[in-house]
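Remarks on the structure that follows.
The values are calculated or read from the model by the stated rules, or taken from the named source; none is laboratory data. Source: prediction; values computed, not measured. For neighbour counting, all protein chains shown are included, and Cβ atoms are generated from backbone atoms with ideal geometry for every residue, glycine included. These accessible areas exclude ligands, DNA and RNA; they are computed on the full protein's heavy atoms, side chains included. Shrake-Rupley method; radii C 1.70, N 1.55, O 1.52, S 1.80 Å.
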Amino acid sequence: MIRKLPLQLLSQRMPPPRLQLPHRLLDPRHHKSMHCLLPGVLGGQLGKIRRRNHPGQFPLDRLSPVIHPRAIRPILRIPDSPRRGLVRGFHGLHRGDHVDDVGGDVIVGERGVEEEGWGWFGGAEGGGGFVLGGFAAGGFQQYRDLYQSALTSAKQHLFFRPLNHQNQDLLIPGSLTRHSSARQTFTPEGEHLSCFAGGMVALAAKAFNQSHDLRTARALVDGCLWAYESMPSGIMPEVFRAAPCQVTETDNCTFTDARWHQAVAKGDPEQAQTIIAGQNLAPGFVAIKDSRYMLRPEAIESLFVLYRITGDTTLQDKAWRMFRAIRKVARTKIAFAGLEDVRHVRPKLIDTMESFFLAETLKYFYLIFAEPGVVSLDEYVLNTEGHPLLRPK
């Protein structure tokens with residue numbers, strides 16, 4: 001059974017709670033049996049509690065009067081001195097059958113729980129949004145500290161510059177796997193889902209008055225745009241790997257075929273050529289792990305947010321090229337369809353259109369060309385499905 005709270009709980013004037021919640025959720029003896037995570041809300045204030053057999057969506061900051069504090073403390077507790085950890089605080093944690101404190105070494109992505117790893121995927125979007133929303137609603141310094149701690153770790157351990165033919169200053173969120181205390185493996189793998197990062201960093205730069213982080217936001221947005229523009233269809237694949245490159249005093253990451261081939265096949269030119277031809281790889285790409293495009297909104301979402309914050313009209317030009325590419329290959333007589341392989345000029349269509357294409361993708365394409373007063377980001381928060389919610393005054 002799914003129980004949802006009435007909509008009036010989202011207003012500031014919350015009536016006395018009369019909620020039909022599962023009994024075990026109110027009983028502190030059972031709070032360790034819950035599975036908890038923070039899902040995708042860019043700039044929103046909603047968290048999610050997920051229990052086996054009793055899933056449901058609740059705004060955590062509104063539920064505190066009716067749920068025993070011990071039941072949600074593991075999710076909402078924000079220490080004054082954050083523990084060291086990679087991208088800590090953007091994920092609810094799942095260890096076996098109980099909830100652990102925020103800041104451990106597991107992540108929750110859209111594909112489920114991945115132990116011993118860190119990354120900015122679909123699940124991380126919600127943690128960041130929850131933190132930003134909490135700061136916007138109450139201005140608490142703890143939220144700001146939590147976000148900045150996570151961003152610092154991401155800059156150091158996750159964001160990487162891909163080797164690219166134009167030698168642009170790009171960033172893509174990768175992932176890190178911890179095998180032991182002494183051995184970690186970084187994977188330079190980008191996902192369309194992780195393209196939310198540019199918009200989130202831009203929002204935080206504005207909210208926290210950290211203008212230097214706008215450069216990071218722009219590099220993240222440009223990284224996704226590069227993935228779009230590199231494909232023959234003009235559309236980014238769901239998952240890919242790129243050749244990482246780090247700028248140093250002696251190396252400015254200048255693209256060469258030799259460096260690219262080294263990343264593709266570890267220095268074997270013939271094998272590299274075979275892999276490149278077989279996978280139809282664009283310069284700088286090492287592998288295409290998932291060649292589909294499911295009409296996702298994350299890239300245009302971040303493009304829209306960055307445009308609203310900076311007023312850079314070149315972002316509108318890039319958005320228009322993205323829209324034309326999608327319309328050209330994904331439009332059908334009755335709707336739009338997902339794409340099977342974006343490495344082809346005319347990809348085969350997948351017989352499905354996700355609801356988020358209407359709720360988010362097309363909405364952000366519309367908003368980036370609308371007047372700034374239409375769904376102003378000073379007045380509204382866009383939730384996980386792109387629905388504008390009026391911010392409390």
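Dipole size in debye (nearest 20) for the stretch 124-390 around its Cα centre, Lys and Arg Cβ +1, Asp and Glu Cβ -1?
360 debye
What net charge do the residues around GLN166 carry, taking every other residue with its C-beta under 13 Å from that of GLN166, with Lys and Arg at +1 and Asp and Glu at -1?
-2
Within 10 Å of each candidate Cβ there may be at most 10 other Cβ atoms; applying that plus a DSSP loop requirement, which GluC sites (Glu not before Pro) in the stretch 314-393 survive?
Answer by residue number: there is no such site.
Per residue, how large is the accessible surface of the stretch 124-390? Use a 1.4 angstrom probe and give square angstrom.
For the stretch 124-390, the per-residue accessible area is 45 Å².
At a 1.4 Å probe radius, carbon and sulfur cover how many percent of the accessible area of the stretch 286-350?
49 percent
Each label point is 7 Å from the Cα along the Cα-to-Cβ direction; what then is the distance between the points at ALA335 and THR352, in nm?
1.1 nm
Under the classification rounded if a/c is under 1.5, otherwise prolate if a/b is larger than b/c and oblate if not, where does the stretch 124-390 fall, given a ≥ b ≥ c as square roots of the Cα gyration tensor eigenvalues?
oblate
From the residues LEU176, THR250, THR361, which one has its Cα farthest along the dipole of the stretch 124-390 in the positive direction, the dipole being from +1 and -1 charges on Cβ of Lys/Arg and Asp/Glu about the Cα centre?
About the Cα centre, the residue reaching furthest to the positive side is THR361.
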